[in-house]
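Participant: Dropping a structure here in structure tokens format, bear with me for questions.
The values are calculated or read from the model by the stated rules, or taken from the named source; none is laboratory data. Computed from a predicted model, the values in this text were never measured in an experiment. FYI the Cβ positions are ideal-geometry reconstructions off the backbone, even for glycines, and counts take in every protein chain you see. Please note that ligands, DNA and RNA were not included when accessible areas were found on the heavy atoms of the full protein model with its side chains. Shrake-Rupley method; radii C 1.70, N 1.55, O 1.52, S 1.80 Å.
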Amino acid sequence: MTVFIRPFNEKYISVSFLDNFNATMLNAVKSVPERKWNNEEKSWLVPSNQKSVDILLENIYETKLFNFEDEPSSNIKEENKEKSFVDSELGKLDSALKVRHYSTCTVERYKKWVQNFLLENGKIESGCENQKINDYLKNLALKKNVSSSTQNQALAALLFYFRFVKNTPVETLSSVIHAKKKVRIPVVFSREEVAKVINNLTGTKRLIAKLLYGTGLRLNEALSLRILDLDFDRNEIIVRHGKGDKDRHVMLPKTLIPELKAQIEVVKKLHEKDLADGWGKVGLPEALGEKYTHGCNELKWQWLFPQKNRWKNAHTGEEGRFHIDESLVQRAVKMAILDAGINKNASCHTFRHSFATHLLESGYDIRTIQELLGHSDVSTTMIYTHVLNKGAGGVTSPLDRL
């Protein structure tokens, strides 16, 4: 049996097996606190901290399934050399992504895929790029059973790496495998289900859910709102740096105006308390912090949904607030869906799907909805037109005519 223990991201390390593993090995991994199964990678994810790693290694040692011997110094040197090469390439990739203003999420995902690819293949000889990429993608699809979107994301990361880090000509990469993207009908709430879910939420999370359904915002877009993004006179919300780093305007639901103004008052009192304690600064986007040196203290730049507790910089001792973490809202909405007795594979994003679908049902044109959702291509928005022709739900079964 061969065990692969590799970095996965900043929070986890990946544990996978070359051969089928027995119950003893399974228990060794499952005994590590806070471990979880990654179905796409077909591997276990263990928290990347010293305590968890020590427990994992101790559990593996106690299985007595392996012979632990001192590795020859040459092997250690070779591994260190390989690690140094991978770290160097990831550093170049990080710089290439950031100079092109890719989002933090995209940077992390691309680095993860390239790191995994390099650990499996090492240095790639010129002219072998196509073959190595295709072999890697085949392994993802056939052995790890990843979805087509995951496979294409890995491909995008590798193409970026070879084009902009290794300067490989585009023609050389022309025969890589592209997975066919499958079309899925979005999960949509009925209007009654939307009301049930929202009524099972409380406080700030309830307001966020109303905002998601009332405006069609993505969760991270709603949580990234600042007070200056709300224009009550024009009944508009400005979405800044949305998906694809695009700005857009969406409507401000009139029924939410009193609640949003009350939320701003809550933020104002919290901000005044932070200022009195000697803090109250908030991070400004890009280089605005250098341009507006005192802007970080102004109320208009504060998050609309700030976190409950201030974070503390361990190095500088400074304290501040970020917006509410996405996972808190996601967890609350999942529980609200269960409490409402709704048997759908729904999430926070279902409010966005429901927003678009219900607008179409009300007679609004597809182009208007495209603008509100921030889609670059109208074909992306067309997926919601399943409600226009009644489809299966509008056909009377012959059984009902007996």
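Participant: How would you order 315-322, 294-301 from highest to lowest mean count of nearby Cβ atoms within 10 Å? Mind dumping the intermediate values first?
Facilitator: Values: 315-322: 12.6, 294-301: 14.4.
Ranked from most to least packed, the peptides come out as 294-301, 315-322.
Participant: Tell me the net charge near Asn27. Cut-off is 15 Å between Cβ atoms, Asn27 excluded, with +1 for each Lys or Arg and -1 for each Asp or Glu.
Facilitator: After counting each charged neighbour, the total is +1.
Participant: In what sequence, highest mean first, do 158-166, 353-361, 374-382 appear when ranked by Cβ atoms within 10 angstrom?
Facilitator: The packing order, highest mean first, is 353-361, 158-166, 374-382.
Participant: Same structure, new question: When the accessible area of segment 104-256 is split by element with a 1.4 Å probe, what percent falls to carbon and sulfur?
Facilitator: Carbon plus sulfur share of accessible area: 48 percent.
Participant: So which of Lys11/Lys144; Lys83/Lys111; Lys254/Lys344; Lys111/Lys181; Lys261/Lys312 end up more than 18 Å apart, counting from Cα to Cα?
Facilitator: Lys11/Lys144; Lys254/Lys344; Lys111/Lys181; Lys261/Lys312
Participant: Please work out the average accessible area per residue across the chain, using the 1.4 Å probe convention, and give it in Å².
Facilitator: 60
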